[in-house]
Every structure is written in structure tokens, then in C-alpha cells.
Amino acid sequence: MLARRVGTAVVVLWVAATATYLALLAAPGSTVDTIIGDGADSPEIRAQIAREWDLDRSPLVQYAAYLGRLVRGDLGRSYLLQRPVSEVLGAQLGSTVQLAVAAATLGVLLSVVLALVTTGRGAWARRVSGTVELAFVSTPGFLVGMVLLNVFSFRWGLFPVAGDRGIAALVLPAVTLALPIAGLLTQVLREGLERALDEPFAVTARARGLRERAVVARHALRHALLPVVTLAGWVFGGLLGGAVIVEQVFGRPGLGQIAVTAVTSQDLPVVLAVVMLSAAVFVAVSTLADTLYAVVDPRLRTAVAA
Amino acid sequence: MSRTRVLLALALLVAGCSSPAPAAPGAGTPVSGGSLTFAVETEPITFNPHLYAQAKARLLVWNSFDALIAHDDKGGYVPWLATGYDVAADGLAYTFHLRTGVTFADGEKFDANAVKANLDQLFVTGYAPSVTAVQLRNFKDAQVVDPQTIVVHLKAPDVLVLDFFASPQGGQISPKSLREAKNLKAGGVDVVGTGPFVLDRYQPGQEVHYHRNPAYNWAPATAKHQGPAYLDEVTYRFLKESSVRVGALTSGQAQVVEGVPATDQDLISANSHLALNRQLNAGTAYSYYLNVTHAPFDDIRVRRAFQDAVDVDTVLKSVYRGTATRAWSVVGPASPFYDKSLEKAYGNDAAAANKLLDEAGWTQRDADGFRTKNGQRLTVRLVQSAPFVRDRRDILAQAVQAAVKQSAGIDLKVSLVDQATANQALQTNQYEVFDNSRLDTDAGTALNLLLASSGAINRGQYKDPHLDQLLVDGQSSTDLAKRTAVYAQVQKLTVVDQAVILPLYAPQDQVAATDSVGGTGFEVAAGVPASAYGLWVAK
């Protein structure tokens, strides 16, 4: 079981690495152009750069060398920043993880609370809640971030403008990132809750004299959580995309910034490392989600045990 | 030969006698102590001065590094780590006399051997190819005469070597750092210099922190004070979004910011506790270079028509709300080599543009109103690389596009693409317009790259032996008057006579600060925000 999981993970990582490598290879322009950038350009400079970065060898040889280094845990050196990739990412990883975990937790908590409060409250409450959720999902993070900054930081001075300076500085970026998550998950969760409340077991529970609140919290929630767990795993994996915007607006260090710079400047080693990292996180989170299914749904537990 | 040294000594004396810097309203006279936060737009890709490549990172370089000489505002040089220099009569040797008692922040002594070690490092294969290929292309060798004297020999007369020794790339790194730094090319805490501050903390993506170097006593003669810096500490926060920088300033979370675009300048002006300063950059103006290798710009009439078709003032006003300074020449108006006689000497003449295009055979019009010749539309392509677009140059391009369409029926196709695609268009000659501005303290450096036949970024591809000779003349003379006359010819030839360049605006920098901060300003000659050396905070 475990061996199969690890095997799948390795395949996923290898496919991700290879696909990214091919995509960057197919992109127009050469890496030498990238390294030269705005700087001086001459055949001698080009030759020197190609030699320094092994770019004068065939793509296949470079690919093999890259995979070889990867297996040994060596991510290479950034073309742009002239430092080992592990160092570049390592310095920023913590801040993004912090942001992602805070945003995901906040998003999930918010959605559970919102869904519990609005379920079964009649069409009017649902309509208001639905509109708010839709606004959360569809408002660009850039705009949300700017509005939050203007009100809570520039005007009221409650939180620092930006950066990685303890919990206070984490609040606004995490809220910005959590709102669309909460909007999406609330809708899914409420729909699940309402469907579960129509099921025979809910009728039975009510017949046993349980109050409606208790039916929702103890019985229906468990059922409604299954699709949410699936979705939450997917959302967490996609947080990196949102982090790009949030990190830019709030001037926060993080992988999002690094990823964007690396892609626009074709800093191949960094792009590959970011993709590998996202793939690894995705694998880890979906494994975690699978485990959580078993916790949420006892039927799956027995199936795994058997 | 010793005349230069006398002049330098005189400059030092004059600078020493000059009155203290005019204080910003509210900040009073300079006081020592305190700290401040400076919000900047750009996080440097390296802290190693040898590899400096971003104009926006220049203010950080001079916090922790010094050069041998510094620019004055008239195209000359004043002493810094060198007390003076002699130029051999044939222009092939420059002797630098070094200041005594200078130490690097790690305790190493600054002397001729240190200068030699820096030059040697620059020539290490793969270390700084763009420095050795451009700024030091005529460098032959360096010879340590005694601890305070070093002679630099050149392969050909090249006055631009002085510009190198005043540039960030000529900044002096401790020989110990050169030997032992873990990541020399990236720079950082373990790559130290002799500057007024010491970099002691760098958090990528967030900020860099400096503390004062108490031993500092060797500021250039152009500095507004001598001795150690006023501030105990300074933190530079990297905030990419201009509105976030301005918000940080208005809410007191930063005391100084740089990079305030036209759209945000009203916010600063409206607040009586904030002050905004603007300064034109050195180097070349932001200009369009017209590709003369193929139709339609192989025809000088079409090039001139393109120049005439744009009402530059109106276009700039619509895009920059009156905050931009129009450029008339490829050389920026802040440069001592700027040729003022080009002003109003050409351009903004739609009637002339249409007449020229008729003469050139572009007489028909197609359904969209564009001119055609033999069924071909009069189309020219401008390819902009998105990562390098700043100052809303993409919007400016759209305004120019509308202007040339309306006034002369020219189809300017603008595409905003990734860097690699833009490079490909350049490599395969699939463009007619190339846009560029360069920040070079000596405009000659930029002109060599942009206009010489062999220039690395001669994207207009106009090649002319007479022009090449003028550029060589401008580079080989140390006589400022002669250089000015030569570069005036270069400007007239390329902008007016051959119409291969359409200058648009002079790039500028902005610094805004709260009224408790004094000493904000710009680097002499470069025109970019100055280092923190002159800053103080009122008690």
C-alpha cells in the first residue's frame, strides 16, 4: 500500500519535471538571451555564458544531467540570482507555507461556520449568503488585498502594511487568500448539508427527537464534508497561484514571487524546482485528503482495513 | 599631467567649504542618530557591485561600497577612494593615487593591491563578461607601483575607463570577501566594502538592513557632508506596488519611498507633511530606434515622416498627466553632452509627414484608413518585452500608435510579449521599431552601444563610418569641450539628418519623504535616488 503510494508520487514528480522541462524547451528564445537580459551582448559573452551553464551541450544531455542532480537532491543554481536554488527557495518557503496554512485553515473554518449558520434558514438568508459567497469567489485577490490594506493598514493602522513580521502581518494576506476559498467551500458545504438533511437518516434522527441544530452538526455535516475534503485538497494545492498576487500586493517574501520572476526570465532551474515542490505538495495533500476520508466516513475505514 | 590632481584637490577644498545641505522643511539641521524605513520598488538580483545591472538598485550599492572617483555634475570627476589621477599624454595609462587610512568593513586595508585584486576578479572567466566586454574593453593590465599607487594600462585611448572607476561595477570589494565569500556573485552579508553603511541582514523578498560604519571618513567631494553617516540604521523594504509604497508612506510605515508614478503624485502633493522630489536620469532619453535594414524605414522619407507624425507633447500629456519631460535628443537633457539646439528643430508636422509619404510612394489608403503601396499596408512593428516595460511605456506606445494612424495613416503594431519572444523578434530582424533608454553616467557609453556599427544594442542597425569615427573621437579625448562638440554632431546626425531616432521622454526618478526626514536627494550625475549617506531624521 505504502510502496504503491510512494511509487505513484515518484511518477507524478518525474512527469511534472519532464513536462516543465519540455515546455520551457519549446518556449521561444534561448536561455543565453535570458541570462544576458538587458546587459551587454557579444559572441564572446554568449560563448562564455553557454560554457558556464553547460548550455552548449545537447538538450538531452542537459535533461539527463538535470534528472541526475535531482535524484541526488541537488536543484542546481539560479541563472538569474546566481545562488543555489535550494537556498533561494529555502529562504522563502517558510513564509509561503505559513500563508497557505493560515489561509486554508481560515477558509475552511469560515466556510463551516457560514454553512452551519445559513443552512435551513430559508430562501432569504440563503440568497444573501449566496451573493456574498459569489462576490468572494469572483473578486480578484489583487482588489481585495488593496481594499483591505487601504482600510485596515493605511487608514486605521491596525496591521502593518506588509512583510513577514509575525502574526499581525499575516492577518491581511491570509484573509485576502481565504475569502475566495471560503466562498467556494461554503457553497459546496451548504448544498451537501441540505441534501443530507433530506436523507432518510436525517428523518430518523429528527424522529428520535433530536433538535434540528444537532441533526445538522452531528449527522449531516459528516456527509457534507466528503466533497469539501476533496475540494480543500485541490484548493490547497492551488494556493500557490493566489499567493503570487497576495505576495506582490503585500510585499511578502514567498515562492509566488520567485515563481513569477523565474518564469518571466526563464530561470529554468528555479521554475523546475518550484514545479517539483508544488507537485510534491499536491501529492502530500491528496494523500492526506484520502486519509481524512477514512476519518470522516467509517465505511471507507473498514474497506481500507480489509 | 599634474593639472588634474590640482583640480581634484581644488574640488575637494571647494566641497569642504560649501554650506551644509539645504534642509527639507521641518527636518531642521542634520542630526546624528536614529533609523528609518525606505520603501523601494526593486529587489536587487545581486548585492555584488561588480555585477550591478539594475538602475533601481543603485541607491543600495553606494551604502556599502565606494569607488575610486565620483562624477561631478559637469561631466568631470572628483576624488573618492583615489585622491587624484594622472593621464599619460598618449591616453594609454591612468595612474591612480589612493587615499591612505581607508579600511574595509571586515578590517582589511584598502590599498593598491586591493584595487588590483578587484580588477583581477573582474577578469575571471564567467564572472562579469558584460563588464569586461564593455566598460573594460580597452583594459590591458594593472600594475601596483606602491601601496598607494596603481597604474592602469589601456590597449587604446578610452576616457570611459574613468566612468568605470566611478561606476558601481568599479566599486571596491574587500579582497577577503573576494577570496572567501560563499556566494560572491550574489553578494550579501559576506561581500563587504568600504562604504558608509554595512549590510547586516537580508531577507529575500522582504527587506535589507544596514547599520552605520562608524569609521567612515572618506566620502566623495561631491557629498554634502563628510565623516560617518547620520543614521544609525536604515531598512529598505521591497514593495513592488506603487500604491502600496505610497500607502506605507502616508500611514507612517515608511518615511521615504522612491518610484511614485504620475497617478499617485497628487496624493503626495495634497499632504502638507510629505514632500516629493523629481530628478531626470542621466544617460539616453527613452527613444524609438527605427530599423533601417528593410522597408519601410530603409527610406529616409518614411523615417522622417514617422518623426513628423507624432505630436510628442500631446502624447506625453495624455499618458503622464504633465509629469513627463519631453526629449528632443537621444541624449537625455540632464547630460552635460545634451545638444540643446535640437529642440524644436524637427517633428510635429503632420502636413510634412503626409507629403513625405506621398513622395515615397505610399499614396493609396486601405479600408481601415492606413496608407498602402503596391497593395502593402504601411505597417511598422514595435515588440516590447513585458518584464522590462516600466513607466507605462506600453500605454505610451498605444498613444503613439493612435497618433501616427490619425495624422499620417501609419500602422504601428505594438505587441507586449515575454522576454524570449521579444528576443526572438530581435534576432530574426522581425521588427521596425526598437524602444530603449539607458542610464549611463557618461552618455558616451550608451551611444557606443546604441549607435556604433558594432554596438551590442544597435537595433536601428544604422551603420555609418563617419558616425563610428565620431564615437571613437568622443571616447578617446579627455577634453570635455571637444567631447561635447563631437557628441553634438552625433546627435544632429542621428536624430535630425538621418532621422533614425524618435526621442520621446527623459526618464526620471521620484523620491517622496515625510517632513521629519532631511537630506533626501539624488546621486550627482546619475540622477537616481541617492544612498542613505546624506539622510537624517529630526529628533
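Here the simple spin-label model places points 7 Å from the Cα toward Cβ, and for residue B:415 and residue B:463 these points are separated by 2.6 nm. Scaled to the compact-protein estimate 2.2 N^0.38 Å, what is the alpha-carbon radius of gyration of chain B, rounded to two decimal places? Compared with the compact-globule rule of thumb, chain B sits at 1.00.
The heavy atoms of residue B:173 offer some 0 square angstrom of accessible surface to a 1.4 angstrom probe. All distinct Cα pairs of the protein assembly as shown go into the 1/r average, and the inverse of that average, the Kirkwood radius, is 30.0 Å. Spin-label pair residue A:52-residue A:121: with each label point 7 Å from Cα along the Cα-Cβ axis, the two points sit 6.1 nm from one another. For segment A:79-220, the share of accessible area belonging to carbon and sulfur comes to 67 percent (1.4 Å probe, ligands and nucleic acids excluded). Legend: residues in segment B:190-215 shielded by at least 30 square angstrom of accessible surface upon adding the remaining protein chains to the isolated chain (1.4 Å probe, heavy atoms) are B:204, B:205, B:206.
Residues B:192, A:12, ordered by accessible area of protein heavy atoms at a 1.4 angstrom probe radius and largest first, appear as A:12, B:192.
Within the shell of other residues whose beta carbon sits under 12 angstrom from the beta carbon of residue A:77, the net charge comes to -2, with Lys and Arg scored +1 and Asp and Glu -1. In this structure, residue A:206 and residue A:290 have a Cβ-Cβ separation that, at R0 = 25 Å, corresponds to a calculated FRET efficiency of about 0.15. When a 1.4 Å probe is rolled over the protein heavy atoms, the share of accessible surface on segment B:286-506 that falls to carbon and sulfur comes to 49 percent. At a probe size of 1.4 Å, how large is the accessible area of residue B:202, to the nearest 10 Å²? Only protein atoms counted, so the area is about 60 Å².
On a per residue basis, the convex hull of the C-alpha atoms belonging to segment B:233-371 measures out at 194 Å³. Look at the stretch B:237-244: the mean tally of other chain Cβ atoms within 10 Å of its residues' Cβ atoms is 6. Note on chain B: with charges restricted to the Cβ of Lys and Arg (+1) and Asp and Glu (-1), its dipole about the Cα centre is near 300 debye.
Could you tell me which of rounded, prolate or oblate describes segment B:392-539, using a ≥ b ≥ c as the square roots of the eigenvalues of the alpha-carbon gyration tensor, with rounded for a/c under 1.5 and, failing that, prolate when a/b is larger than b/c and oblate otherwise? The shape class here is oblate. Of B:457, B:470, B:380, which is farthest on the positive side of the dipole of segment B:286-506, counting Cα position, with +1 on Lys and Arg Cβ, -1 on Asp and Glu Cβ, and the Cα centre as origin? The one lying farthest along the dipole's positive direction is B:380. Sorting B:483, B:278, A:299 by solvent-accessible area of protein heavy atoms yields A:299, B:278, B:483, largest first, with a 1.4 Å probe.
In this simple spin-label model, placing a label point 7 Å from the Cα along the Cα-to-Cβ direction at both residue B:146 and residue A:143 gives a separation of 7.3 nm. Cα-based values for segment B:286-506, radius of gyration first and Dmax second, are 16.9, 57 Å. What FRET efficiency would be calculated for the residue pair residue B:88, residue A:44, taking the C-beta separation as r and a Förster radius of 22 Å, to the nearest 0.05? Taking R0 as 22 Å, the efficiency between residue B:88 and residue A:44 is 0.20. Entry comment: accessible area of the protein assembly as shown is 42 Å² per residue, from protein heavy atoms only and a probe of 1.4 Å. Note on A:242-254: average number of Cβ atoms from other chains within 10 Å of each residue's Cβ is 3.
Per-residue ellipticity at 222 nm, computed for chain B from helices alone with -39500 (n - 2.57) per DSSP H run of at least four residues, works out to -8000 deg cm²/dmol.
Partners of residue B:355 within straight-line reach, counting lysines whose Cα lies under 22 Å from its Cα and excluding those fewer than 8 residues away in the same chain: B:344, B:373, B:405.
Among the listed pairs B:240/B:340; B:340/B:482; B:116/B:182, those whose Cα-Cα separation exceeds 27 Å are B:240/B:340. Is chain A best put as rounded, prolate or oblate by its Cα gyration tensor, with a ≥ b ≥ c the root eigenvalues, rounded for a/c under 1.5, and otherwise prolate when a/b is larger than b/c, oblate when not? Because a/c hits 1.5 or more and a/b fails to exceed b/c, chain A counts as oblate.
Interface area, chains B and A: about 3300 Å² of buried accessible surface, summed, with a 1.4 Å probe and ligands, DNA and RNA left out. When B:111, B:473, B:73 are compared by accessible area at a 1.4 angstrom probe, the order from most to least is B:73, B:473, B:111.
Counts of other chain beta carbons within 10 angstrom of each beta carbon in peptide B:128-137 average 5. Once the gyration tensor of the Cα atoms in segment A:1-128 is diagonalised, the equivalent ellipsoid follows with semi-axes of 45, 21, 15 Å, ordered largest first. At an R0 of 22 angstrom, the distance between the Cβ atoms of residue B:358 and residue B:295 translates into a FRET efficiency of 0.85.
Once you reduce segment B:434-461 and segment B:237-254 to the center of their Cα atoms, the two points are 34 Å from each other. The accessible area of residue A:31, taken with all protein chains in place and a 1.4 Å probe, comes to roughly 40 Å².
The values are calculated or read from the model by the stated rules, or taken from the named source; none is laboratory data. Computed from a prediction, not measured in an experiment: that's the story for all the values here. Cβ atoms come from the backbone with ideal geometry, glycine included; neighbour counts cover every protein chain shown. All accessible areas refer to the heavy atoms of the entire protein, side chains included, with ligands and DNA or RNA removed. Shrake-Rupley method; radii C 1.70, N 1.55, O 1.52, S 1.80 Å.
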